[in-house]
Amino acid sequence: MAFPEDVLTADEHVVLDLHPHWKAMIRPVAVLVLAVAAVVTALIMLDNEVLVYIVAGLALIAVGWLSFWPWLVWRTTHYVLTNERVLLQTGVFSRDRRDIPLSRVNDHSMNQKFIERMLGCGTLTIESAGERGQSVLNDIPHVEKVQTTLYELVEADRDAHSYNDNERSAPPAQTARVEEKQ
């Protein structure tokens, strides 16, 4: 499920569209495997058909609640970097989105625990000017590259704004007259 292009402005383009790291799906996959194993074991070991249905029902509830729902949350969570802003979007039935213009990003930092370094993910913290202040993005895949890309986007945005500001504040160019001496 790609990030919807209709939320972008005319000149805006997506640089990175990320979901949380796949490690967020370890527990849901484990629950799915255990639920299937429980149903297969019940079919083989239990003679009572009612007990098999009970085990299958409980397995189905566990899969829906502990596997399918986390997968939906994972799929509908987007961390998007564009050439104009950082978009953080979550929600399955309702939607929460936070837009941080690149011009408002004051600081960004990343941190990785040992296991996260091994898995290639980490936490990215974005400090922005505004009421909310900090945004903590957990389980970012390739967090070092994402932080570097964010840095490059912020610097490019600042350069573009400073260039536009200098263009507006500079006096119009005057042509110098050179008088010939005779």
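The values are calculated or read from the model by the stated rules, or taken from the named source; none is laboratory data. None of these values were measured; they are calculated from a predicted model. Here the Cβ positions follow ideal geometry from the backbone for every residue, glycine too, while neighbour counts run over all protein chains shown.
Which is modelled with pLDDT of 95 or more, in a strand (DSSP E or B) and of a type outside the set (V, I, T), of L150, L124?
Answer to the check: L124.
Of the numbered conditions (1) under 33 Å from the mean Cα position of the chain (by Cα); (2) without any contact (Cβ under 8 Å) to a residue 12 or more places away in the chain; (3) over 24 Å from G120 (Cα atoms), A30 satisfies every one except a single condition; which is it?
Condition (3) is where A30 drops out.
Restricting attention to the range 103-119, which residues are crowded, with 16+ Cβ neighbours inside 10 Å and outside any helix (DSSP H, G or I)?
The answer is V105, H108, M110, Q112.
Any residue at all in the range 84-102 that's assigned to a helix (DSSP H, G or I) and among the charged types (D, E, K, R)?
No, that holds for no residue.
Taking T76, is it at negative phi, polar (S, T, N, Q) and surrounded by fewer than 16 Cβ atoms within 10 Å (Cβ to Cβ)?
Yes.
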